[in-house]
Amino acid sequence: QVQLVESGGGLVQPGGSLRLSCTASGRSLSSAPVGWSRQAPGNERESVARINLYGIGIYADSVKGRFTISRDDVKNVMYLQMNRLKPEDTGVYYCYRGDIARSWGQGTQVTVSA
């Protein structure tokens, strides 16, 4: 069984940057699809970025060119570098591992506000 712990969230001004981390234990992040989703208040959880089994990053249109997903297979950590943040990026960000049966972290809050 895998445990996932997110960190790196916080309050940032529009145009700023944050880097989220997802530390995994129990299972390797490289042996399954992994990614990040977010949920804003009153909205459903939406996919932000993911790494497929071929190691290719796939992004939602709303974050393309601003967010970068990466993975350190030695440390078993996944990252989400978020640049040029916008107020609409505000939400709780969750990392996950798996496809049909997914394991989720507890989430980290990202607030983009002046």
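Filtering region 65-76 to residues that are touching a strand residue (DSSP E or B) at 6+ places or on another chain (Cβ under 6 Å), surrounded by fewer than 17 Cβ atoms within 10 Å (Cβ to Cβ) and closer than 17 Å to Ser31 by Cα leaves only Ser70. When region 5-16 is limited to residues that are out of contact with any helix residue (DSSP H, G or I) (no Cβ under 9 Å at 6 or more places or on another chain) and open to solvent by 60 Å² or more (accessible area, probe 1.4 Å), the one that is farthest from Gly98 (Cα to Cα) turns out to be Gln13. Of all the residues in region 1-53, those that are under 16 Å from Asp72 (Cα atoms) and among the basic types (Lys, Arg) number 3.
Taken together, Tyr96, Tyr79 contain a single residue that is open to solvent by less than 70 Å² (accessible area, probe 1.4 Å), aromatic (Phe, Trp, Tyr) and in contact with a Gly (Cβ under 8 Å, 6 or more places away or on another chain), which is Tyr96. Consider region 45-60 and keep the residues that are assigned to a strand (DSSP E or B) and touching a residue at least 24 places away in the same chain (Cβ under 8 Å). The one that is farthest from Thr111 (Cα to Cα) is Ile51. Taken across region 26-44, residues that are within 17 Å of Val5 (Cα to Cα), without any contact (Cβ under 8 Å) to a residue 40 or more places away in the chain, open to solvent by less than 80 Å² (accessible area, probe 1.4 Å) and under 14 Å from the mean Cα position of the chain (by Cα) do not occur at all.
The values are calculated or read from the model by the stated rules, or taken from the named source; none is laboratory data. Quick caveat, the model's predicted, so the values are computed rather than measured. Positions of Cβ are backbone-derived with ideal geometry, glycine not excepted, and every protein chain shown enters the neighbour counts. Heavy atoms of the whole protein, side chains included, go into the accessibility calculation; ligands, DNA and RNA do not. Shrake-Rupley method; radii C 1.70, N 1.55, O 1.52, S 1.80 Å.
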